[in-house]
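Visitor: Mind looking over this structure? Questions follow.
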Amino acid sequence: MNAPFSGSRAAALRDPFAAFVCDDETAEQLRPIAVEHGWSPEKVNKGGLRNAIQTLSVSASPTILFVDMSESGDPLNDINALAEVCEPGTVVIAAGQVNDVRLYRDLIASGIQEYLLKPFTPDHLRDAFANAQMTISGPRTADVATDKPNVMAAVVGARGGVGASTIATSLAWLMGDKASRSTALLDLDVHFGTGALSLDLEPGRGLTDAIENPGRIDGLFIERAMVRANDRLCVLSAEAPINQPMLTDGSAYFQLQEEIRHAFEGTVIDFPRNVMVQFPHLLTDVQVVVLVVEFTLAATRDTIRILSWLKANAPQARVIVAANRIVSNVQEVSRKDFELSIERKVDVVLPYDPKPAAQAAKLGQPMVKIAKSSRLAQAMNQLLKLTLEQAEDEGGEAAESQPTSLLGKLGKFGLQSLAKKDTQKVALAKS
């Protein structure tokens, strides 16, 4: 659980363990196991989740907290209330009698470490506490040293329905799979985002919790809130109720970007146009903006406007214009006229290919994964290469201001090798 707390002095006063249970049987199971870990058995309290909320609202949170939800009428809301009074770094183990996979997923998404179904055995408790201690002592994602410079890319659609979210998902997947970067996909469309949906994942409550409580955002929050798609890709998305406006000044989004930037080697942000216009400061640290367009009159007009806006509000970002769902000779505006109108070239053309799109939707997989050897995949690989070149260029600029080292040469060679491998794979696919 993560909530603001008053600094190092408060952290120093924290107990290593506390439990709030509903019945004597659970208390009798917990006390000897607490003694095994060197914890005081007197820290096993009666009163369950409600007593935990009342107690922790006026005292420091323990490092490991066990709460019994057996008497809770609304477990999810009560856990969220507990989150409000818990300090950062508290590992919460919950227990209850409700055997519901949806409740389990919601509880895990809300930030608890583990949910134990009653009745459980002492061995179940020992395993839960062992995992909690590993979480506390193990290395955080943000602490992992890496030689790869972080690259942050925002994907913006010139118009609604141009496929920006689909491209963002595929780009994030490629960044993890092809470039071997730990990658985060941040979907800022809080009510209608498809980042988790397109990967067949439950979005969880991480993003909505961050917006409602920006003070909870830290490295541990990121570690718990993000949903893992595979070993190299994590997703932070939401499906907030459409009758629930998410009021924010943008500070939560900015803090999320900062924490993710330190925790991952690559970040892809699905950036709705309304969020871009409302919170321009969110593009301050973005290195690449992928502007997804289509060859229509309306998209031509809006591309001109957005390019002008980006020049004024994100001058540090490299803009990549990617035309999506293009069918040869069946366009409202020709590519030549489009490029003349926006006064620059289109960098990447992604052809329209309905079959892999439909298959990807059915399987809950990125479209580029389904169509590995297609022209669409080749174009997406080109987009990935252009995106990563920004990180390589910035690394080169930094190297120019410092003495050249052997490690620096090896790092540059590694990026060149990746580009060479991509070229070879595309050539094999064509043959």
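Visitor: What are the ³J(HN,Hα) couplings of segment 161-173, residue after residue, when phi is run through the Karplus curve with 6.51, -1.76, 1.60 and θ = phi - 60°? Round to Hz, x for glycine and proline.
Guide: So the J values, rounded to whole Hz, are x, 7, x, 4, 5, 4, 5, 4, 5, 5, 5, 5, 5.
Visitor: Explain nothing, just the number: dipole magnitude of segment 151-422 about its Cα centre with +1 on each Lys and Arg Cβ and -1 on each Asp and Glu Cβ, in debye rounded to the nearest 20.
Guide: In debye, rounded to 20, segment 151-422 gives about 920.
Visitor: Sticking with this structure for a sec: Taking the simple approach of a point 7 Å from Cα along Cα-to-Cβ for both Leu76 and Lys355, what is their distance in nm?
Guide: So the label points at Leu76 and Lys355 sit 4.0 nm apart.
Visitor: Hey, can you rank 61-72, 220-231, 124-135 by average C-beta count inside 10 Å, highest first?
Guide: The peptides rank, most packed first, as 61-72, 220-231, 124-135.
Visitor: Here is the link list: Lys336/Lys369; Lys178/Lys362; Lys336/Lys385. Which ones come out longer than 28 Å on Cα distance?
Guide: Pairs exceeding the cut-off: Lys336/Lys369.
Visitor: Okay, next question. If Lys and Arg each add +1 and Asp and Glu each add -1, what is the summed charge of the other residues whose beta carbon sits under 12 Å from the beta carbon of Ala240?
Guide: With Lys, Arg at +1 and Asp, Glu at -1, the net is -4.
Visitor: Find how much the distance from Met134 to Leu363 grows on full extension, using 0.36 nm per residue of separation minus their present alpha carbon separation; answer in nm with one decimal.
Guide: 79.0 nm
Visitor: Follow-up. Would you kindly derive the ³J(HN,Hα) couplings of segment 331-340 from the backbone phi angles with the Karplus curve 6.51 cos²θ - 1.76 cosθ + 1.60 (θ = phi - 60°), listing them in order in whole Hz, with x for Gly and Pro?
Guide: Going residue by residue, I get 10, 5, 10, 5, 4, 4, 5, 4, 5, 5 Hz, with x marking Gly and Pro.
Visitor: Under Stokes-Einstein, with the Kirkwood radius over Cα pairs standing in for Rh, what whole-number D in µm²/s applies to segment 151-422 at 25 °C and 0.890 mPa s?
Guide: Calculated translational D: 128 µm²/s.
Visitor: Under the rule of at least 5 residues apart or a separate chain, name every residue whose amide H is placed under 5 Å from the amide H of Phe17.
Guide: Answer set, sorted by chain and number: Thr63, Ile64.
Visitor: Moving on. State log₁₀ I(q)/I(0) for segment 328-368 at q = 0.15, 0.16, 0.30 Å⁻¹ as given by the Debye formula over alpha-carbon point scatterers of equal weight, solvent excluded.
Guide: One equal scatterer on each Cα of segment 328-368 leads to -0.54, -0.59, -1.00.
Visitor: If R0 is 45 Å, what FRET efficiency do you get for Asp123 and Ser180 from their C-beta distance, rounded to 0.05?
Guide: 0.75
Visitor: From the backbone phi of segment 346-354, what are the Karplus-calculated ³J(HN,Hα) couplings (6.51 cos²θ - 1.76 cosθ + 1.60, θ = phi - 60°) in whole Hz, Gly and Pro given as x?
Guide: Per-residue couplings from phi come out as 7, 7, 9, 10, 9, x, 7, 9, x Hz.
Visitor: Out of residues 5 or more away from Lys46 or on other chains, whose amide H comes under 5 Å of its own, with H placed 1.01 Å from N in the peptide plane?
Guide: Long-range HN contacts for Lys46: Val21.
Visitor: Using modelled backbone amide H atoms (1.01 Å from N, in-plane), which distant-in-sequence or interchain residues come within less than 5 Å of Val151's amide H?
Guide: Counting only residues 5 or more places away or on other chains, the set is Gly266, Thr267.
Visitor: Given R₀ = 45 Å, FRET efficiency for His191-His37 by Cβ-Cβ distance, to 0.05?
Guide: 0.55
Visitor: Next question, about the same structure. Extension gain Asp249-Asp218, at 0.36 nm per residue separation less the Cα-Cα distance, in nm?
Guide: Full extension from Asp249 to Asp218 adds 9.3 nm.
Read the figures in this text as sums done on the coordinates, not as results from a lab. Values in this document were obtained by computation on a predicted structure and should not be read as measured data. Positions of Cβ are backbone-derived with ideal geometry, glycine not excepted, and every protein chain shown enters the neighbour counts.
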